[in-house]
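Engineer: I am attaching a structure below and will ask some questions about it afterwards.
Nothing in this text is a laboratory measurement; each read-out follows from the coordinates by a stated rule. These figures come from a predicted structure and were not determined experimentally. Here Cβ is always computed from backbone atoms with ideal geometry, including for glycine, and neighbour counts include all displayed protein chains.
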Amino acid sequence: MSHGHGHGHDHGSADLMPVEDHLAEILATVRPLAPTELSLGDVHGLVLAEDVSAVSQLPSFDNSGMDGYAVRIDDVAAATEQNPVTLPVTGEIAAGDTGAYALQPGAAIKIMTGAMLPHGAEAVVPVEWTDGGSARVTIKARAEYGNAVRLAGEDAKAGEVLVTAGTLLRPMHVAVIAAAGRGAVLVRPRPRVVVLSTGNELAEPGTPVTLGRIWDSNSFMLAAAAREAGGLAYRRAVLPDHPDEILPAIEDQLVRADLMITTGGVSMGGEHDVVKAALQRLGTIAFRKVAMQPGMPQGFGTVALPEAQALAEEPQRRRFRRDGYEEAAAPVSAPGERVPIFTFPGNPVSAYVSFQLFARPALGVMQGYSGLALEKIQARLTGPVRSPAGRRSYLRGVLDRASGQVEPLTGQGSHQIATLAKANALVIVPEWVVQMAAGDVVDVLVLP
Ligand code: AMP
Ligand code: MG
């Protein structure tokens with residue numbers, strides 16, 4: 001038998017569900033949120049829900065790449081430092097000038113960066129190669145055909161896809177979308193995540209605790225993790241360990257939730273495990289033991305308002321706005337719509353690991369974004385580790401990418417939150433490995 005660090009129970013492994021199976025069920029349940037059209041100023045950090053293509057070619061017209069003089073190449077072919085060529089300047093074109101200009105042979109037209117190339121021009125001589133003259137210009141070097149000319153279509157062809165659906169919009173993407181002329185695009189709204197913590201022992205940080213009580217850390221941690229994964233998080237703390245209070249509190253929050261997360265009260269089914277007791281009778285949430293440590297007791301499923309109540313509350317639901325951008329096209333959940341719910345264990349490290357393994361990928365699906373998976377790399381252990389048979393361990397560690405080494409931290413109990421703040425990675429010890437030695441190569445998840 002092997003001892004879990006925190007529990008001291010012996011769990012037969014036959015009734016444990018593999019981590020992958022639990023995750024697969026989650027990913028099969030959650031759906032991408034309906035896309036909404038937002039103006040370009042509001043889309044940074046959101047996930048694009050359509051392919052954005054160039055309406056016209058980029059650049060859309062031949063233009064000058066420098067400040068200088070538009071010329072025909074034959075007219076400057078003989079120009080050198082010793083024997084410069086002087087041409088009359090017959091005009092000046094600034095960026096934004098939409099006039100039609102023609103360059104006569106034997107002449108030059110002064111032109112600014114981004115200005116439309118005059119008809120007949122073959123190259124731009126940079127102002128640095130000249131005396132900068134206004135009526136006449138003396139040119140001290142020859143220019144190749146096409147010198148300092150930006151050709152129409154050399155950046156992108158008309159219709160070419162510039163940014164694909166599923167892209168997390170960063171400043172460069174916003175720039176490209178704007179350059180393609182789009183003032184608004186379809187994006188996925190940020191999933192609204194309601195986090196509820198449960199436990200009679202919990203007190204609000206910033207208030208005094210008496211002996212036997214602790215401060216609620218899970219709800220703050222999960223709200224932060226949800227935001228980090230692209231969500232909008234709301235905290236609902238702290239629910240007492242009373243079975244009659246759990247379901248109403250959850251139903252109360254459904255109006256603003258695309259996803260719900262509870263912590264605590266799901267352990268082994270005793271009468272104090274009020275979340276499990278209250279939700280099990282709905283029949284829509286599976287409570288199970290997953291073959292992992294920490295985070296073995298997991299619940300996942302969906303919740304919805306009872307039909308009658310949903311219809312009655314619909315007007316209020318519509319009034320409930322969260323952010324400016326929602327005014328545009330609120331993806332208001334329909335009455336009776338089922339909201340995915342995670343019930344995570346209460347130990348802070350269990351809740352944290354559960355979020356990263358299960359809720360973070362779910363938030364990825366909801367946003368149509370595949371980039372939320374934790375990076376997995378291999379590293380060499382700097383010290384030994386132990387793990388219970390039949391369960392995959394996720395041990396807090398300090399990864400040093402430069403040396404390719406990972407140091408397993410001491411204090412791996414799932415209540416030992418101090419160790420969590422020191423970690424930047426999770427060392428994975430496979431289900432059937434009970435110990436590993438310094439120097440062994442392990443899979444490591446890099447924490448966001
Ligand atoms: P439970 O899952 O409710 O049995 O709780 C397991 C352990 O986690 C207990 O030691 C709780 O006090 C602790 N715990 C539960 N909820 C929280 C929370 N929100 N913040 C910090 N610790 C918690
Ligand atoms: Mg509890």
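Engineer: Using modelled backbone amide H atoms (1.01 Å from N, in-plane), which distant-in-sequence or interchain residues come within less than 5 Å of Ser393's amide H?
Structural biologist: Residues meeting the criterion, in which the H sits 1.01 Å from N, are Gln293, Val429.
Engineer: While we're here: Using Cα pairs closer than 8 Å and at least 6 residues apart in sequence, work out the relative contact order for the chain, in percent.
Structural biologist: Numbers: 1009 pairs, mean separation 75.6, N = 448.
Worked out over the chain, it gives 17 percent.
Engineer: Mind jotting down the three principal axis lengths of segment 145-232 based on Cα atoms? Whole angstrom, largest first.
Structural biologist: Largest first, segment 145-232 extends 83, 26, 17 Å along its Cα principal axes.
Engineer: Ok, one more. How much length is gained on full extension from Val441 to Trp215, taking 0.36 nm per residue of separation minus their Cα-Cα distance?
Structural biologist: 77.6 nm
Engineer: If we count other beta carbons within 10 Å of each Cβ, what is the order of Ile109, Ile214, fewest first?
Structural biologist: Ile214, Ile109
Engineer: Another question about this same structure. Ordered by residue, what ³J(HN,Hα) values in Hz, to whole numbers, does segment 417-434 give under the Karplus form 6.51 cos²θ - 1.76 cosθ + 1.60, where θ = phi - 60° and Gly and Pro are x?
Structural biologist: Couplings: 6, 4, 5, 4, 5, 8, 7, 10, 7, 10, 7, 9, 10, x, 3, 9, 9, 9 Hz.
Engineer: Could you work out how far apart the two model spin labels at Ser56 and Gln82 are, taking each label as a point 7 Å from the Cα in the direction of the beta carbon, and quote it in nm?
Structural biologist: The answer from the label model is 4.8 nm.
Engineer: Right, something else. Hey, if you put +1 on the Cβ of every Lys and Arg and -1 on every Asp and Glu Cβ in segment 350-446, which of Val398, Pro384, Gly368 ends up farthest toward the positive end of that dipole?
Structural biologist: Value: Gly368.
Engineer: Send over the per residue convex hull volume for segment 239-291, Cα only, as a whole number of Å³.
Structural biologist: Normalising the Cα hull of segment 239-291 by residue number yields 92 Å³.
Engineer: Would you kindly give the portion of the calculated P(r) for segment 139-186 that falls above 15 Å, as a percent of all Cα pairs? Write down the numbers at each step before the final one.
Structural biologist: Working: 659 of 1128 pairs.
Summing the P(r) tail past 15 Å for segment 139-186 gives 58 percent.
Engineer: Mind checking which lysines have their Cα closer than 19 Å to the Cα of Lys289? Skip sequence neighbours fewer than 8 apart in that chain.
Structural biologist: Lys289 reaches Lys276.
Engineer: While we're here: Taking the Cα centre of segment 54-172 as the origin, how large is its charge dipole in debye, to the nearest 20, when only Lys and Arg (+1) and Asp and Glu (-1) carry charge on their Cβ atoms?
Structural biologist: 120
Engineer: Once every Cα of segment 193-304 carries one equal point scatterer and solvent is ignored, give the base-10 log of I(q)/I(0) from the Debye formula at q = 0.14, 0.17, 0.22 Å⁻¹, two decimals.
Structural biologist: With no solvent term, the Cα-only Debye profile gives -0.57, -0.86, -1.38.
Engineer: Take every Cα-Cα distance within segment 339-448, group them into 10 Å bins from 0 onward, and report for each bin the whole-number percent of pairs it holds.
Structural biologist: 15, 43, 33, 9, 0
Engineer: Volume per residue, Å³, of the convex hull around the alpha-carbon atoms of segment 64-117? Mind dumping the intermediate values first?
Structural biologist: Details: hull volume 3.9 nm³, N = 54.
Each residue corresponds to 72 Å³ of Cα convex hull volume.
Engineer: Could I ask something else about it? Between Arg227 and Asp15, what's the calculated FRET efficiency when r is the beta-carbon distance and R0 is 41 Å? Round to 0.05.
Structural biologist: 0.70
Engineer: Along the charge dipole of the chain, Cβ charges K/R +1 and D/E -1, which of Pro191, Ala179, His22 sits furthest on the positive end?
Structural biologist: His22
Engineer: Let me ask something else. Using Cα-only point scatterers and the Debye equation, what is log10 of I(q)/I(0) for segment 27-69 at each q in 0.14, 0.31 Å⁻¹, rounded to two decimals?
Structural biologist: Taken in order of the listed q values, log10 I(q)/I(0) reads -0.63, -1.17.
Engineer: Using modelled amide H (1.01 Å from N, peptide plane; none on Pro or chain starts), what sits under 5 Å from the amide H of Ser267, excluding residues fewer than 5 places away?
Structural biologist: none
Engineer: Choose one answer from Leu151, Leu420, Leu357: the residue with the largest mean-square fluctuation in a GNM of the chain with alpha-carbon springs under 10 Å.
Structural biologist: Most flexible of the set in this elastic network: Leu151.
Engineer: Dimensions of segment 57-182 along principal axes (Cα, Å, largest first)?
Structural biologist: 58, 28, 20
Engineer: Out of residues 5 or more away from Ile93 or on other chains, whose amide H comes under 5 Å of its own, with H placed 1.01 Å from N in the peptide plane?
Structural biologist: Counting only residues 5 or more places away or on other chains, the set is Lys110, Ile111, Met112.
Engineer: Based solely on C-alpha atoms, express the radius of gyration and the Dmax of the chain in angstrom.
Structural biologist: Looking at the chain, its Cα Rg and Dmax stand at 31.4, 98 Å.
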